[in-house]
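A.B. asks: What follows is a single structure, and I will ask about it in a moment.
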Amino acid sequence: MKSNPSALALQSTSDPALDKILGGGIPEQSVVVIAGEPGAGKTVLTLQMLFHAARQGKKCLYFTTLSEPAIKVIRYMQLFDFFDVELLEKQVILVDLGETLRKGVEHTLQEIQARVELHEPGMVAIDSFRAIGDLLRGSQGTQRPFIYDLAVQTSSWGATTLLVGEYTREEYPSFAEFAIADGIVRLGSERQQLTSVREMEVLKLRSAAYASGRHFFDISKRGVSFYPRVSAPSHAEEQPGAPTTERARTGVDGLDELLGGGLPAGTATVIQGGTGTGKTLLSLHFLQEGVRRGEKGVLFTLEENPEQLRSIARSLGWDLAALEAQGKLIIKYTSPVELSTDRFLYEARKQVVELGAKRAVFDSLTTMALGVPSERRYKEMVYAIAKHMRAEGVTLVMTVESEQLLGAAQVSGHGVSFIADNLVQLRYVELEGRLERAISVLKARGIKHDSEMRSVEIGNGGMKVIKGRFQGMRGVLTGLPTRIPKD
């Protein structure tokens, strides 16, 4: 039996996340169309890829057409970190085809071929190929022969070829360049209320196990940075280990007793409660206890910023800044106003892995939900991040805001409580004209736990769970308990 042919060699795009989306990179010697609306970032991405290839020792040819002269391209590309003037005209060679195009299709193909034979590049880009296509479409009968001849030429060059252009999705089926292409990558943007989100999608890539669907990207001084859409880990990535009996103690006096010794290590816990009930404080206890036991932690906060959290901790006698300085704790704040949830969760997972953290907190899922377009997508993302953290051996805590302060509050968890292994509820109870905090463990998967509702006190040193405060009372779950009359 013949062995399978070896996999195609892949060319890195310079962005590890984009390489992952593409299944490892762009197949070498392929023809890939980079399509999108004006301003989508096509030229920036193309030149970022060329300069990266040039740093790997490959010579690159970048042809500009009628859409944008080479001198203008250079002027704007100097603003990006990937641009290196030392590589220009040595490893990255720019050729303006504007004048040649005016002489006709045949002269253009001859000029491209002559430049390729002269420089023997590893990568070739034509930007904008749409400009060439429009000229061809204006000349009856020349479009398909030219593009076919170009395809034949590119296969003989041995170079990876990028055809860049402003195309709409409706034009893909009718334009010849999409028929000959081995790959199609679309860049664009989508409006979300008052903001817009940059998106990319791989529509076609022969012989590659690419990640389908929409992904996200940003353009900054560094260039184009990609963020794969959050999805559950593959079976190979998840690799669940043998069941563990280890416990991640919360550091809250009395709560670990309710849990029979602490949270099972590597599980996901939702802490649900009304405003001010102590969700963030419990999370800080959990992270500090981890540090005390030699486990690094990360707090991803969308609500209080790091200085606010440090101030809260100082009032309780804690020094978060010292733990941060020692590299044992990271507080990562993201403003919810411009939140891109897929980017937020992608970077969160990356930071946990880079730090080697064993504990992580997301505060809060309620705020995160504001940046997600649908309830179904929100649940998918929470499920995926819980699975990813489990795969990394991280014990995860996620907080959820409960709207109801008193009365028969519903255990909704904003629709994600079913995802959690453990569910802890914080709430208010009115007792003798005063509001008191209470806590109960509603679910703890796979372990024996106490379901008793207990009182919570917050003071110097943090949070304590007090046993027996509600004994001899009924109606505690309603938030309005009364004492049981003695016989």
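A.B. asks: When only residues in the range 38-62 that are within 24 Å of residue 108 (Cβ to Cβ) and of a type in the set (Val, Ile, Thr) count, which is surrounded by the fewest Cβ atoms within 10 Å (Cβ to Cβ)?
C.D. replies: Filtering first and then ranking leaves 43.
A.B. asks: So which helices (runs of 4 or more DSSP H) are wholly in the range 69-127 and hold at least 3 residues that are out of contact with any strand residue (DSSP E or B) (no Cβ under 7 Å at 6 or more places or on another chain) and closer than 26 Å to residue 220 by Cα? Break it down into steps so the answer makes sense when it comes.
C.D. replies: Numbers: elements: 70-77, 98-102, 105-119.
In the range 69-127, 70-77 are the helices (runs of 4 or more DSSP H) which contain 3 or more residues that are out of contact with any strand residue (DSSP E or B) (no Cβ under 7 Å at 6 or more places or on another chain) and closer than 26 Å to residue 220 by Cα.
A.B. asks: So, one more: Of the residues that make up the range 63-79, is at least one of a type outside the set (D, E, K, R), modelled with pLDDT of 95 or more and either at negative phi or crowded, with 17+ Cβ neighbours inside 10 Å (or both)?
C.D. replies: Scanning the range 63-79 turns up no residue that is of a type outside the set (D, E, K, R), modelled with pLDDT of 95 or more and either at negative phi or crowded, with 17+ Cβ neighbours inside 10 Å (or both).
A.B. asks: Further, regarding this structure: Among the listed residues 394, 411, which satisfies the condition of being closer than 28 Å to residue 336 by Cα and at pLDDT 90 or above?
C.D. replies: Numbers: 411 fails: at pLDDT 90 or above.
Answer to the selection: 394.
A.B. asks: Have a look at 215, 285 and point out the one that is closer than 30 Å to residue 79 by Cα and either modelled with pLDDT of 90 or more or in a loop (DSSP other than H, G, I, E, B) (or both).
C.D. replies: Just one listed residue meets the conditions, 215.
A.B. asks: It is to be established whether one or more residues within the range 146-159 are at pLDDT 80 or above and under 27 Å from residue 10 (Cβ atoms).
C.D. replies: Of all residues in the range 146-159, those at pLDDT 80 or above come to 158-159.
Next, from what is left, pick out any that are under 27 Å from residue 10 (Cβ atoms): 158-159.
Yes, the range 146-159 contains a residue that is at pLDDT 80 or above and under 27 Å from residue 10 (Cβ atoms).
A.B. asks: Inspect all residues belonging to the range 226-241 and state whether any of them is surrounded by 15 or more Cβ atoms within 10 Å (Cβ to Cβ), modelled with pLDDT of 90 or more, out of contact with any strand residue (DSSP E or B) (no Cβ under 6 Å at 6 or more places or on another chain) and not hydrophobic (A, V, I, L, M, F, W, C).
C.D. replies: Scanning the range 226-241 turns up no residue that is surrounded by 15 or more Cβ atoms within 10 Å (Cβ to Cβ), modelled with pLDDT of 90 or more, out of contact with any strand residue (DSSP E or B) (no Cβ under 6 Å at 6 or more places or on another chain) and not hydrophobic (A, V, I, L, M, F, W, C).
A.B. asks: When you go through 448, 443, 464 one by one, which is the residue that is in the same structural domain as residue 288 (by TED's automatic domain parsing), under 16 Å from residue 261 (Cα atoms) and modelled with pLDDT under 90?
C.D. replies: 448
A.B. asks: Inside the range 376-404, can you point out the residues that are under 14 Å from the mean Cα position of the chain (by Cα), surrounded by fewer than 23 Cβ atoms within 10 Å (Cβ to Cβ) and either part of a loop (DSSP other than H, G, I, E, B) or of a type outside the set (Phe, Trp, Tyr) (or both)?
C.D. replies: Across the range 376-404, the qualifying residues are 377, 380, 384.
A.B. asks: State yes or no: is residue 297 surrounded by fewer than 17 Cβ atoms within 10 Å (Cβ to Cβ), at pLDDT 95 or above and within 27 Å of residue 230 (Cα to Cα)? Talk me through it step by step, then tell me what you get.
C.D. replies: Details: surrounded by fewer than 17 Cβ atoms within 10 Å (Cβ to Cβ): no; at pLDDT 95 or above: yes; within 27 Å of residue 230 (Cα to Cα): yes.
Criteria not met by residue 297.
The values are calculated or read from the model by the stated rules, or taken from the named source; none is laboratory data. Remember, it's a predicted structure, so these values are computed and weren't measured experimentally. Cβ atoms come from the backbone with ideal geometry, glycine included; neighbour counts cover every protein chain shown.
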